[in-house]
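The values are calculated or read from the model by the stated rules, or taken from the named source; none is laboratory data. If you're wondering where the values come from, they're calculated on a predicted model, not measured in any experiment. All Cβ positions, even for glycine, are placed from backbone atoms using ideal geometry, and neighbour counts span all protein chains on display. For accessibility, only protein heavy atoms count, side chains too; no ligands or nucleic acids. Shrake-Rupley method; radii C 1.70, N 1.55, O 1.52, S 1.80 Å.
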Amino acid sequence: MVPTKEELDRAFDQRFPPSFHQAASAARVAVAGLGGLGSNLAVMLARSGVGHMLLVDFDRVDITNLNRQAYRIPHLGQYKTEALPSILREINPYLDIQTWQGRVTEDNAAALFGAYPIVCEAFDRPEEKAMLVNTLLQECPNTVIVSGNGMAGYGDANLIRTRRVLSRLYVCGDGTSDVGEGLGLMAPRVAVCAGMQANQVIRLIASQCAISN
């Protein structure tokens with residue numbers, strides 16, 4: 001049986017302070033890129049009670065994604081903007097989920113994300129990461145960006161941390177490792193970095209309701 005919204009709300013209230021639950025339910029968070037970082041952090045945000053999400057990606061689920069992303073074999077071939085909402089609604093069927101399928105560019109980034117106070121950058125390519133961060137910093141003055149960078153391989157996960165680089169930019173990662181150095185992307189460190197991003201989002205939401213972390 002699917003729990004009612006009231007039952008889920010009561011369950012959240014047993015785990016979180018009511019003030020945070022209210023703030024999380026009203027929060028609007030965008031996730032740009034639904035791969036290893038984006039798919040996992042979206043799941044964490046859904047479990048944390050975030051009520052409104054925009055999910056953006058252009059790609060389909062591929063068999064090579066299964067080693068580190070939230071998808072499963074039944075999702076193969078589906079667009080990620082279709083597969084991920086189905087996963088999130090199994091966690092909370094009452095989520096408000098908006099999706100946009102396509103490539104993000106300098107020309108459309110501000111229009112896509114400008115209405116969202118928090119944007120999680122989770123792209124694969126460094127040039128796409130830089131483009132999104134720079135565009136949002138320049139054109140969306142009310143948007144805070146939580147970016148992921150540097151989680152390749154199987155090195156010490158304790159090196160992955162969150163840094164506040166600018167007043168509206170947080171970067172999660174170890175700051176050094178890169179796939180191009182011959183290191184693959186493995187589930188544990190990708191998940192740690194995604195968790196760092198999700199945790200920073202929660203901290204930002206909590207700061208709005210005066211909860212001390």
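Restricting attention to region 27-41, the residues that are in a strand (DSSP E or B) and either among the aliphatic types (A, V, I, L, M) or closer than 18 Å to Lys129 by Cα (or both) total 4. Taking first residues from region 56-72 that are closer than 17 Å to Ala32 by Cα and partners that are aliphatic (A, V, I, L, M) and open to solvent by 60 Å² or more (accessible area, probe 1.4 Å), the Cβ contacts under 6 Å between residues at least 6 apart in sequence or on separate chains come to Val61/Leu76. Criterion first (over 30 Å from Leu8 (Cα atoms) and outside any strand (DSSP E or B)) does Met44 satisfy it? No: the conditions fail for Met44.
Condition (residue is modelled with pLDDT under 80 and surrounded by 15 or more Cβ atoms within 10 Å (Cβ to Cβ)) applied to region 199-207: is it met by at least one residue?
Step one: of region 199-207, the residues modelled with pLDDT under 80 are none.
The answer is no, given that none of the residues of region 199-207 is modelled with pLDDT under 80 and surrounded by 15 or more Cβ atoms within 10 Å (Cβ to Cβ).
Screening Ala115 with (1) within 20 Å of Met196 (Cα to Cα); (2) in contact (Cβ under 8 Å) with a residue 60 or more places away in the chain gives one miss only, at (1). Note on region 135-148: among residues that are open to solvent by 80 Å² or more (accessible area, probe 1.4 Å) and part of a loop (DSSP other than H, G, I, E, B), the one that is farthest from Gly195 (Cα to Cα) is Pro141.
Restricting to region 87-103, name every residue that is without any contact (Cβ under 8 Å) to a residue 12 or more places away in the chain and basic (Lys, Arg). Walk me through how you get there before you give the answer.
Filtering region 87-103 for residues without any contact (Cβ under 8 Å) to a residue 12 or more places away in the chain gives 89-90.
Passing the criteria: only Arg89.
Whenever a residue of region 5-17 is touching a residue at least 60 places away in the same chain (Cβ under 8 Å), its partners that are hydroxyl-bearing (Ser, Thr, Tyr), lying with C-beta atoms within less than 8 angstrom and at least six residues away or across chains, give the pairs Lys5/Tyr94; Leu8/Tyr94. For region 75-134, residues that are in a helix (DSSP H, G or I), open to solvent by 20 Å² or more (accessible area, probe 1.4 Å) and under 26 Å from Glu7 (Cα atoms) total 4.
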